[in-house]
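Worksheet: the structure to be examined is printed underneath.
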Amino acid sequence: MTSTKKDIDLHKTLQRQIRRLNLPDSPEVEKLLQLVNTTYQENDRSRRLLETSMQLMSDEVLDLNNKIKNEANLKIEKAERRSSLALEANSDFLWDWSLKDKSVYINNVLKERLGFKNNQLSDRRSQWIHTIYKEDQEKIFLAMQSYIKKETPTFTVEHRLVNSDGSIMWALNRGQVVEWGDKGQPLRMIGTLIDITQNKKNELELIESKKLAEKANQAKSEFLANMSHEIRTPMNGIIGMTQIFDSSQLDSKQKEHLAAIKKSSEILLGLINNILDLSKIEAGCMDIENIDFDLIETCTDVTKILRANAEKKGVTIDFNYDDNMPSYINGDDGRLKQILFNIIGNSIKFTEKGKITFDLTKSKNNYQFKISDTGIGIKPERLKHIFNKFEQEDSSTNRKFGGTGLGLSITKKIIELLEGTIEVTSKVGQGTCFQFTLPLKEAKAQKEKAEVIIKHEDFNLSGKHILLVEDNFINSTVVTALLKRNNIKVTVAGNGQEALDTINEIPFDLVLMDCQMPIMDGYEATQEIRATENNEAISKVPIIALTASAIKGDREKCFNIGMNDYLTKPIKENDLIVCINKWIHN
């Protein structure tokens, strides 16, 4: 190698190439070698610079990444410390459940409520689960599963917790998932507990109070049923005897006395019916029917019946209505009659002279009933109490006109049951106006007029043989007399057992069965009769209940055990004979 080549600080790669090529010495070669050598050296410097730069960048990125990671961890730790402090500082009962490590954190407030010191209850789920009432654990699990599967929008459940002393705490538990895994699995839940022990205690007391109230209502219903039976039984004797003597040969004084007995009996019976109606309404047991009936005919009938009493006092009753008004409607005509009898009857009672006007109008599906009188009127301070139970205008009115003050109270309650309203206006010495509105619907089919009046004189029951099962001597005497004067043969049994013995020996066309009797009542006797008929495949004898009870369910009970019909004491002769004819001839 020439001195020129030696003088150049040759790059190692260039030296290897010169040895392999054996280049000659010349100025041109030397310049070329210098140029190539410079290029190699500059390339090495650039490469080293790039490597240095890359190393520096990698270190900076790593440092920056570590710095960010450290800052993030610090923030998480700081947030968790804040969360922990918040849980501890909060006066509410809070819990934090990590599903990853199965730990449950509850704040000290909840631990203290359960009677545990801070170190007595660890964060392990296995220990926390023992504080949950055993019978409620499955309920909580099912509620949790339902929430996690998104079958319910929230996790909410009521359950019991067991305090350290063994006492029970009722809690309303609410929670939600705050951290989900990559596969949608829940990783962490937080929630609150609300102590509802007192609420549950109040709820249990309310349930117990309701049970006691139901027992009291049941006792009241039983009392009313017994009272109804005990009063209606002698009432049947009184009214029945008046019916028998009414057709007898009596002088004018005797007829006057008989009319007084009959009137008193009707008043007493009305009082009994009012008390029973009030009891049914207050117990929510009053039945409301929806049948098609002729509204104008119903109102006309009530007016006709009451007009006789009004005219005795010199008071007229006018009934006014629009001839174009649809007459055939759907509703409860029986309750409407009761309302009209109470209001118009009340107007007759307190009207000494003048007239009573009954106006019927219609607006859409609402029918307005307006009853105005020219009576004594009602004082303003008493007007607001007019619909209260046992209220009358004043004590002197009570003494003069009689009554208990139940009629208008029952009337208002029935109107409200029919989804109607009632109001009253009055001026002392000028009269009173009652106005009530009922939502009545027009009947789908119009009524075909057919006047049919059924009277017992129209039937021939001569020679028919009836078994009367009745333990009360007076009632037995009354019914026997009513039957015999219609030429019906009667055999009397004093109780259900006597009835069974008699009916096995003698065939009867019909049985009149009292319900409440000693030894064997009418219900049991009827069941025995029907069982015998079913076993021997013989024709069934009609059985009609004669009951002094008028409580809801009695009629259904009679039908369910096999009775064919139902008559309530006091029994009217026409109703009795019409019912007997219906079952004997059909």
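The values are calculated or read from the model by the stated rules, or taken from the named source; none is laboratory data. Everything numeric here is computed off the predicted structure, so don't read it as measured data. Here the Cβ is made from the backbone with ideal geometry for all residues, glycine too, and neighbour counts use every protein chain on show. Accessible surface areas use protein heavy atoms only, side chains included; no ligands, DNA or RNA. Shrake-Rupley method; radii C 1.70, N 1.55, O 1.52, S 1.80 Å.
Here are the numbers for the structure shown:
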read-out: Selection within the stretch 245-262 - over 25 Å from residue 473 (Cβ atoms) and exposed (fewer than 12 other Cβ atoms within 10 Å of the Cβ); value: 249, 251, 252, 253, 256
read-out: Cross-chain or 6+ apart pairs with Cβ under 9 Å, the stretch 193-212 first and in contact (Cβ under 8 Å) with a residue 60 or more places away in the chain, then of a type in the set (Gly, Ala, Ser) and open to solvent by less than 70 Å² (accessible area, probe 1.4 Å); value: 193/171; 194/171; 195/171
read-out: Long-range neighbours under 7 Å by Cβ, at least six apart or interchain, first residue within 13 Å of residue 479 (Cβ to Cβ) within the stretch 559-570, second open to solvent by less than 20 Å² (accessible area, probe 1.4 Å) and of a type outside the set (A, V, I, L, M); value: 567/579; 569/232; 569/233; 569/236; 569/547; 570/232; 570/236; 570/240
read-out: Residue 457 at pLDDT below 75, open to solvent by 90 Å² or more (accessible area, probe 1.4 Å) and under 30 Å from residue 494 (Cα atoms); value: yes
read-out: Residues that are in a loop (DSSP other than H, G, I, E, B) and free of Cβ contacts under 8 Å to residues at least 40 places away in the same chain, drawn from the stretch 457-479; value: 460, 462, 463
read-out: Output for the stretch 311-337, where each listed residue is closer than 18 Å to residue 294 by Cβ and loosely packed, with under 13 Cβ neighbours inside 10 Å; value: 320, 322, 323, 324
read-out: Residues that are out of contact with any strand residue (DSSP E or B) (no Cβ under 7 Å at 6 or more places or on another chain), more than 22 Å from residue 276 (Cα to Cα) and either of a type in the set (Gly, Ala, Ser) or free of Cβ contacts under 8 Å to residues at least 40 places away in the same chain (or both), drawn from the stretch 411-440; value: 429
read-out: Scope the stretch 472-481; condition of a type outside the set (S, T, N, Q) and either at pLDDT 90 or above or crowded, with 20+ Cβ neighbours inside 10 Å (or both); matching residues; value: 478, 479
read-out: Residue that is in contact with a Lys or Arg (Cβ under 7 Å, 6 or more places away or on another chain) and closer than 30 Å to residue 515 by Cβ, where the choices are 242, 192; value: 242
read-out: Only listed residue being within 30 Å of residue 428 (Cβ to Cβ), open to solvent by less than 50 Å² (accessible area, probe 1.4 Å), part of a helix (DSSP H, G or I) and in contact (Cβ under 8 Å) with a residue 40 or more places away in the chain, chosen from 340, 360; value: 340
read-out: The stretch 160-180: number of residues that are open to solvent by 60 Å² or more (accessible area, probe 1.4 Å) and assigned to a strand (DSSP E or B); value: 6
read-out: Breaking point among (1) in a loop (DSSP other than H, G, I, E, B); (2) modelled with pLDDT under 65, for residue 115; value: (2)
read-out: Test result for residue 531, at pLDDT 85 or above and surrounded by fewer than 16 Cβ atoms within 10 Å (Cβ to Cβ); value: yes
read-out: Filter pass, residue 242 being more than 30 Å from residue 262 (Cα to Cα) and either surrounded by 17 or more Cβ atoms within 10 Å (Cβ to Cβ) or touching a residue at least 24 places away in the same chain (Cβ under 8 Å) (or both); value: no
read-out: Residue within the stretch 396-405 that is more than 16 Å from residue 428 (Cα to Cα), open to solvent by less than 20 Å² (accessible area, probe 1.4 Å) and at pLDDT below 85 present; value: yes
read-out: Cβ-Cβ under 8 Å pairs, at least 6 apart or on other chains, the stretch 512-524 side closer than 18 Å to residue 477 by Cα, far side of a type in the set (Ser, Thr, Tyr); value: 513/526; 514/547; 515/523; 515/547; 515/549; 516/547; 516/549
read-out: Residue in the stretch 253-264 that is touching a residue at least 60 places away in the same chain (Cβ under 8 Å), within 23 Å of residue 572 (Cβ to Cβ), among the hydroxyl-bearing types (Ser, Thr, Tyr) and part of a helix (DSSP H, G or I) present; value: no
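Yes/no per residue for (1) modelled with pLDDT under 75; (2) open to solvent by 40 Å² or more (accessible area, probe 1.4 Å); (3) within 23 Å of the chain's Cα centre (by Cα); (4) not aromatic (Phe, Trp, Tyr):
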residue	(1), (2), (3), (4)
200	no, no, yes, yes
205	no, yes, yes, yes
211	no, yes, yes, yes
220	yes, yes, yes, yes
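Yes/no per residue for (1) part of a helix (DSSP H, G or I); (2) of a type outside the set (Phe, Trp, Tyr); (3) within 28 Å of the chain's Cα centre (by Cα); (4) surrounded by fewer than 12 Cβ atoms within 10 Å (Cβ to Cβ):
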{"site": "138", "(1), (2), (3), (4)": "yes, yes, no, yes"}
{"site": "144", "(1), (2), (3), (4)": "yes, yes, no, no"}
{"site": "158", "(1), (2), (3), (4)": "no, yes, yes, no"}
{"site": "182", "(1), (2), (3), (4)": "no, yes, no, yes"}
{"site": "187", "(1), (2), (3), (4)": "no, yes, no, no"}
